[in-house]
Amino acid sequence: MATEKWVLMVTAQTPTNIAVIKYWGKRDEVRILPVNDSISVTLDPDHLCTVTTVAVSPAFDRDRMWLNGKEISLSGSRYQNCLREIRSRAGDVEDKEKGIKIGKEDWKKLHLHIASHNNFPTAAGLASSAAGFACLVFSLAKLMNVDEDPSHLSAIARQGSGSACRSLFGGFVKWTMGSKEDGSDSVAVQLADEKHWDDLVIIIAVVSSRQKETSSTSGMRESVETSLLLQHRAKEVVPKRILQMEEAIKNRDFASFTQLTCTDSNQFHAVCLDTSPPIFYMNDTSHRIISLVEKWNRSEGTPQVAYTFDAGPNAVLIARNRKVAVQLLQGLLYYFPPKSDTDMKSYVVGDNSILKEAGLDGASGVENLQPPPEIKDNIGSQDQKGEVSYFICTRPGKGPIVLHDQTQALLNPETGLPK
Amino acid sequence: MAEEKWVVMVTAQTPTNIAVIKYWGKRDEVRILPINDSISVTLDPDHLCTLTTVSVSPSFDRDRMWLNGKEISLSGSRYQNCLREIRSRADDVEDNEKGIKIEKKDWEKLHLHIASHNNFPTAAGLASSAAGFACLVFALAKLMNVNEDPSQLSAIARQGSGSACRSLFGGFVKWNMGEKEDGSDSVAVQLVDDKHWDDLVIIIAVVSSREKETSSTSGMRESVETSLLLQHRAKEVVPVRILQMEEAIKNRDFTSFTKLTCSDSNQFHAVCMDTSPPIFYMNDTSHRIISLVEKWNRSASTPEIAYTFDAGPNAVLIARNRKVAVELMQGLLYCFPPKPDTDMKSYVLGDTSIVKEAGLEGELPQGIKDKIGSQDQKGEVSYFICSRPGRGPVVLQDQTQALLHPQTGLPK
């Protein structure tokens with residue numbers, strides 16, 4: 001073996017995902033097993049992603065992790081479970097170039113350094129732990145030469161954060177609830193890849209929130225314990241919707257997709273309201289966005305935009321195609337204009353080609369906007385500035401990948417410490 | 001009979017009511033039969049009421065009605081059903097003083113003038129049609145000497161507006177959903193009168209609303225048609241809650257009362273959200289008030305305040321007793337202060353003794369500060385109304401309160 005100071009590293013990038021049929025409620029808090037199936041769409045990691053570098057070296061004296069530049073503790077059960085599960089599946093690793101050889105049984109004596117970074121703000125409520133745990137598990141699996149397919153890996157990521165399991169794939173993904181007690185069948189599977197329905201454009205409105213939100217983990221536990229509607233949802237409503245949603249995705253049936261996505265989002269929030277104490281994730285701005293979309297869809301005769309909201313006020317809007325996305329963005333910027341001193345480049349981030357096509361990337365664009373002809377009723381005139389912090393334009397995206405470019409690594413290749 | 005220009009009149013006053021176990025969804029749109037029972041508390045008519053004067057005269061050539069001073073049409077099925085049902089139960093009436101005699105069979109040939117007035121703004125979302133139809137039916141029953149008890153009358157009022165049936169009684173009232181197709185067993189009954197639990201103080205926060213709200217009638221129809229959670233609520237959840245609520249009221253068990261009232265209000269709004277398109281009656285201010293109360297109840301050793309919301313953003317807060325009500329009023333005024341140019345007399349209406357006791361000068365006591373969040377924006381609440389559980393409908397003998405002129409039968 002080479003000197004005791006060698007460092008072996010892998011850097012990976014993982015997308016985040018948004019559920020269109022929601023996961024809300026566990027039947028097992030330790031293994032993180034849900035009360036129903038869920039389906040999600042993976043977002044393009046070019047716009048929203050987690051990058052994680054994992055490193056191993058005999059010089060490391062303990063497992064350490066840095067998240068967005070700050071060292072964090074790995075002692076919690078979620079991290080411990082993931083680390084234990086992935087280590088138990090480690091294989092032999094050989095780096096011929098560096099002359100390093102790690103035998104299967106060596107891994108339990110070696111320690112890890114992990115650095116992770118989200119390219120979007122954690123406070124934005126954009127499901128950073130899903131992307132984070134998925135990336136952790138994916139990159140460790142690569143580092144440790146774990147010979148398991150993404151579904152098997154998803155069962156490990158699931159133990160870090162339930163929805164993380166769905167970020168092991170691109171496109172549309174289903175998290176099968178499973179029936180076994182040990183959770184070995186509670187895994188994610190890919191329904192369709194990101195090319196299957198690539199007409200879709202996704203616009204996220206990051207809504208300003210004054211409230212500190214209830215965490216998903218405690219919120220869903222309170223719902224399981226106190227909502228008298230939750231079990232009915234899980235047993236009677238969701239199973240049917242899952243089948244219908246699989247069909248809608250397979251057939252690119254946007255009308256059905258919209259009906260299912262919107263009603264499931266609303267039902268999830270209904271269950272939150274039916275919880276004791278009640279949980280309000282959506283606010284007046286969220287409701288105004290829903291009104292806008294509902295009116296639009298009804299005036300067009302066939303749905304043009306689907307909406308869904310997670311455990312926060314942010315709106316995830318899915319437009320049928322690019323043309324609709326451009327109109328949608330124009331409508332959104334009319335009702336939610338930026339504050340006067342805001343640069344459009346920081347108000348609409350992600351894929352800015354939509355903004356350009358809307359003719360709004362210049363300085364005067366927003367002032368000259370007319371109210372969308374589709375919206376005849378007043379949902380509130382051109383509204384208070386500042387209700388939306390910014391928009392992100394994106395699309396369905398690919399699953400996790402290894403980044404071979406060493407400049408993207410978050411740890412120093414010699415020291416294994418954050419750059 | 002005296003000359004053909006005589007006018008016989010009755011004036012009545014009816015309270016409004018707030019459901020604590022909610023009615024939302026009909027199994028019969030024509031007869032207005034609900035899919036579950038509901039329970040309400042009647043509010044003191046001194047603060048919120050409908051006044052109605054009904055009159056009959058051979059000189060009236062058609063049925064006419066004036067609501068809050070404006071003439072309205074009586075052609076809709078709700079008014080027609082109420083008028084038909086009450087007329088079919090009319091009896092002989094004799095006014096010895098005026099020498100007038102109306103026989104049972106005469107009523108179908110005679111026409112009515114009706115004037116009704118709410119002492120609270122219709123736009124405030126304070127259930128004016130419940131009080132209105134209850135008053136109409138009650139007043140006409142008195143005028144026509146209808147020999148039926150309030151429960152039987154409630155079945156008629158129900159056909160004007162579902163929740164109107166509960167305004168035929170004071171105190172706490174239950175609307176039995178009934179099983180018969182003709183709705184004859186879908187009636188209101190009194191659980192307890194207004195004296196049974198008179199410690200309670202009710203504070204209503206009339207919340208400013210920018211939105212035009214979905215009407216209850218169309219909203220609940222959309223919920224029945226599209227909510228997959230509604231039937232489960234109606235069949236599995238509400239029947240259990242009704243029994244528990246009856247017990248809680250009987251025993252003056254405020255803790256159980258609060259738990260049931262708050263969770264039923266939230267579940268009603270959850271079903272609205274589960275409707276397609278979703279209906280949002282509560283807004284951020286409503287949520288802030290709920291947060292305030294939830295936090296308050298958790299920091300107190302036992303729940304002190306219940307909240308419930310109808311089909312609008314207004315909060316109906318029920319305080320365990322006067323002491324709590326005074327503290328609550330202080331807390332609410334701290335969180336939702338009036339705009340600088342507002343006169344307190346128009347910011348806190350109804351029973352003003354609560355706000356007087358609350359006092360408006362000086363620092364908010366620390367104990368209350370601990371119970372509430374931070375101070376909020378002015379203008380979110382339009383005004384408050386302080387009230388209490390109240391009595392049922394009464395006839396007003398005082399002629400000066402009549403809304404129609406005793407000679408012409410036209411609005412004064």
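The values are calculated or read from the model by the stated rules, or taken from the named source; none is laboratory data. This one's a predicted model, so the numbers in the text were calculated from it and none came from an experiment. Cβ placement follows ideal geometry from the backbone for every residue including glycine, while neighbour counts extend to all protein chains displayed. Please note that ligands, DNA and RNA were not included when accessible areas were found on the heavy atoms of the full protein model with its side chains. Shrake-Rupley method; radii C 1.70, N 1.55, O 1.52, S 1.80 Å.
The set of residues from the stretch B:318-327 being β-branched (Val, Ile, Thr), outside any helix (DSSP H, G or I) and open to solvent by 10 Å² or more (accessible area, probe 1.4 Å) is empty.
Confirm whether A:THR214 is within 19 Å of the chain's Cα centre (by Cα), within 14 Å of chain B (Cβ to nearest Cβ) and open to solvent by less than 10 Å² (accessible area, probe 1.4 Å).
Judged against the criteria, A:THR214 is not a match.
Taking the numbered list (1) surrounded by 22 or more Cβ atoms within 10 Å (Cβ to Cβ); (2) more than 20 Å from A:ASP310 (Cα to Cα); (3) not β-branched (Val, Ile, Thr) in turn, A:GLN244 passes all entries but (1).
One residue alone among A:GLU71, A:GLU97, A:GLU105, A:GLU85 is acidic (Asp, Glu) and in contact with a helix residue (DSSP H, G or I) (Cβ under 6 Å, 6 or more places away or on another chain), and that residue is A:GLU85. Among the residues making up the stretch B:217-233, those that are surrounded by 21 or more Cβ atoms within 10 Å (Cβ to Cβ) and either assigned to a helix (DSSP H, G or I) or under 23 Å from the mean Cα position of the chain (by Cα) (or both) are B:MET220, B:SER223, B:LEU230, B:ARG233.
Strands (runs of 3 or more DSSP E) fully within the stretch B:97-207 that include at least 2 residues being buried (at least 23 other Cβ atoms within 10 Å of the Cβ) and modelled with pLDDT of 95 or more: B:111-118, B:172-175, B:201-207. For the stretch B:39-49, does any single residue satisfy the condition of being closer than 21 Å to B:ALA157 by Cβ and without any contact (Cβ under 8 Å) to a residue 40 or more places away in the chain? No - not one qualifying residue is present in the stretch B:39-49.
Would you check if there is a residue in the stretch A:244-254 being in contact with a Phe, Trp or Tyr (Cβ under 9 Å, 6 or more places away or on another chain) and within 11 Å of chain B (Cβ to nearest Cβ)? No: zero hits.
Scanning the stretch B:60-69 for residues that are modelled with pLDDT of 95 or more and either assigned to a strand (DSSP E or B) or of a type in the set (Gly, Ala, Ser) (or both) turns up B:ARG64, B:MET65, B:TRP66. Residues that are in contact with a Ser or Thr (Cβ under 9 Å, 6 or more places away or on another chain), open to solvent by less than 10 Å² (accessible area, probe 1.4 Å) and closer than 25 Å to A:ALA319 by Cα within the stretch A:29-40 comprise A:SER38, A:SER40, listed in sequence order. Residues in the stretch A:5-28: is at least one closer than 23 Å to A:GLY416 by Cβ, open to solvent by 50 Å² or more (accessible area, probe 1.4 Å) and modelled with pLDDT under 95? Checking the stretch A:5-28: at least one residue is closer than 23 Å to A:GLY416 by Cβ, open to solvent by 50 Å² or more (accessible area, probe 1.4 Å) and modelled with pLDDT under 95.
In the stretch B:228-239, the residues that are at the interface with chain A (Cβ under 7 Å from one of its Cβ atoms) form Cβ pairs under 6 Å with partners that are surrounded by fewer than 24 Cβ atoms within 10 Å (Cβ to Cβ), at six or more places apart or across chains, as follows: B:LEU228/A:VAL237; B:HIS232/A:HIS232; B:VAL237/A:LEU228.
Here the stretch B:280-317 is the region considered, the condition is being more than 10 Å from every other protein chain (Cβ to nearest Cβ) and farther than 19 Å from B:ILE18 by Cα, and the residue that is surrounded by the most Cβ atoms within 10 Å (Cβ to Cβ) is B:LEU292.
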